[in-house]
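Please read the structure below before turning to the comments.
The values are calculated or read from the model by the stated rules, or taken from the named source; none is laboratory data. Note that this is a predicted model, so its numbers are computed, not measured. Counting neighbours? That spans all protein chains shown, and the Cβs are built from the backbone with ideal geometry, glycine included.
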Amino acid sequence: MNLRFDEVTKAVNGTLAGRGDAEVQGYSIDTRTLNPGDLFFAVRGPRFDGHDFIQQAIEKKAAGVVVEDTGIAVSPGSNVVTVRSTVEALQNLARFVRRQWGGPIVGVTGSAGKTTTKEMIAAVLSRKFKVLRSIGNFNNEFGLPLCLLRIERSQTMAVLEMGMSAKGEIRALAAIAEPNEGVITNVNPVHLEFFDSIEGIAEAKAELLAGLVEPRVAYLNNDDPRVRAMARKFSGKVVTYGRESEATFRAHQVRDLGLGGTAFTVRHEGRDTDFVLPLLGQHNVSNAVAAIAVGIGHEIPWSDVRSAIAGIRPEKKRGEVVRFSEGFDVIDDSYNSNPKALTEMIRFVGKLEGYSRKIIVAGEMLELGASSAELHRDCGREAARSGAALIVGVQGEARSVLEGAREAGVEGERLKFASNSAEAGELLARTVRSGDVVLIKGSRGVKLEQVLASLRQTFSSVEA
């Protein structure tokens, strides 16, 4: 949505030096990705200060800059908006644009599956609407406003992911985006480093529902007792979905198709409809049913919803299957991890048929607080039950994964620890052979994509 500088200045309660009729064509907080015509917000972060890059932004032909300091030297003729806080200005402008646009917004949050669920919902809604979706997982106080600022007047719906690591963060994001509908996938023990309990995480996730504006519709995972409980405090419309409990939309007859994905049937108002989802693991079925519920709620024909689900493909590093000509396969789920998600993927690998060996590369799961060691050990016990021929723990607390597997009876020679991803990649390159399937999963900070990179340097991956 292109805006004039006088509109921007008023929306952010700033002071303009420059031409009020000059037009902004885009928005940026990073000069590395700034395009000519963008408005550059000089945001102060924990590791950088955008004010240090103002001249670079102007040299890259930014339309202008938003700054906090009136004393900063800027090239003559540049458009400069001075504000109290550039972060607040970014957020206030995003809220202004959201209100100018006025279309319905679906907010998505949860401990796991947010990005996948957001992508599925957007794919389903795109069968009827022109949809704005969050870029990747741009889901924080910077990313969400930047996504809103990408709204085009021709778009008729938006699906935005909302993440958090502390109480109050989702409330703040909802105040910016003013979503009409909210999807909550689950509440799991993640970010426990910043919370006293899982109940505290649930309360933080429920902030999305408190921030909904009319018509206020909540799509809740009925299989998760903490999510289910949120319905009691919500006065808007509640639509439930799930696999294991009675729900408005319930998946049943779930069948694994190996690396081909999952087949399942959805029952709604006494009607059964069959689906095939080309994503790995039965845990993704719940995410798909959430998307189905949103689509049907917006009167998209069941046939179109089925086609959209069948066309879903995994995001990079999120359950992507990489095949190698040397005869082994890798499941690249390296983008992130938490105990629930890792357990689900271990179970999936354990059920896979047609492989002579199964290898699990489990990276450390971060921000789990005082329960971290035991949560890692639980995953190790699950890895033992999967029958994995080799379990590799990578970095820090991943040693506890190996301890849990050892307690469950796995012999020491089947357990390996690597202090970092590069070391794990070298180990795996020496170990993997034809007939193997390898799961790679860990927290983002462990950078397990380096393991796959090592394999690609040594072997030949087969492009899909």
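Quick rundown of the values:
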read-out	value
Pairs with Cβ under 8 Å, 6+ apart, first in segment 156-176 and in the same structural domain as A123 (by TED's automatic domain parsing), second at pLDDT below 95 and of a type in the set (S, T, Y)	V159/S134; L160/S134; E161/T115; E161/S134
Residues located in segment 267-289, provided they are in contact (Cβ under 8 Å) with a residue 40 or more places away in the chain and either among the hydrophobic types (A, V, I, L, M, F, W, C) or in contact with a Leu (Cβ under 7 Å, 6 or more places away or on another chain) (or both)	L279, L280, N284, V285, A288, V289
Selection status of K60, among the basic types (K, R), surrounded by 15 or more Cβ atoms within 10 Å (Cβ to Cβ), without any contact (Cβ under 8 Å) to a residue 40 or more places away in the chain and at negative phi	yes
Segment 43-54 residues that are closer than 12 Å to F142 by Cβ and not assigned by TED's automatic domain parsing to the domain that holds N140, paired with ones that are assigned to a loop (DSSP other than H, G, I, E, B) and not hydroxyl-bearing (S, T, Y) (beta carbon under 8 Å, 6 or more apart)	V43/I29; V43/F142; R44/E68; G50/I29; G50/A42; G50/V43
Total residues in segment 397-414, condition buried (at least 18 other Cβ atoms within 10 Å of the Cβ) and either touching a residue at least 40 places away in the same chain (Cβ under 8 Å) or under 18 Å from L428 (Cα atoms) (or both)	4
Residues of segment 264-313 that turn out to be over 20 Å from R133 (Cα atoms), touching a strand residue (DSSP E or B) at 6+ places or on another chain (Cβ under 7 Å), outside any helix (DSSP H, G or I) and not polar (S, T, N, Q), as a count	10
Residue check for A251: part of a strand (DSSP E or B) and crowded, with 22+ Cβ neighbours inside 10 Å	yes
Complete set of residues in segment 85-107 that are in contact (Cβ under 8 Å) with a residue 40 or more places away in the chain and assigned to a loop (DSSP other than H, G, I, E, B)	G103, P104
Candidates I296, I360, I300, I331 - the one that is within 20 Å of G242 (Cβ to Cβ) and not small (G, A, S)	I296
Selection within segment 314-326 - outside any loop (DSSP other than H, G, I, E, B) and in contact (Cβ under 8 Å) with a residue 60 or more places away in the chain	V321, V322, R323, F324
Checking D332 against (1) in a loop (DSSP other than H, G, I, E, B); (2) assigned by TED's automatic domain parsing to the domain that holds G425, the condition it does not meet	(1)
Matching entry among V401, V432 (being in contact with a Cys (Cβ under 9 Å, 6 or more places away or on another chain) and among the aliphatic types (A, V, I, L, M))	V401
Scan of segment 108-160 for residues that are crowded, with 20+ Cβ neighbours inside 10 Å, among the hydroxyl-bearing types (S, T, Y) and not in a strand (DSSP E or B), ordered by number	S111, T115, T116, T117, S134
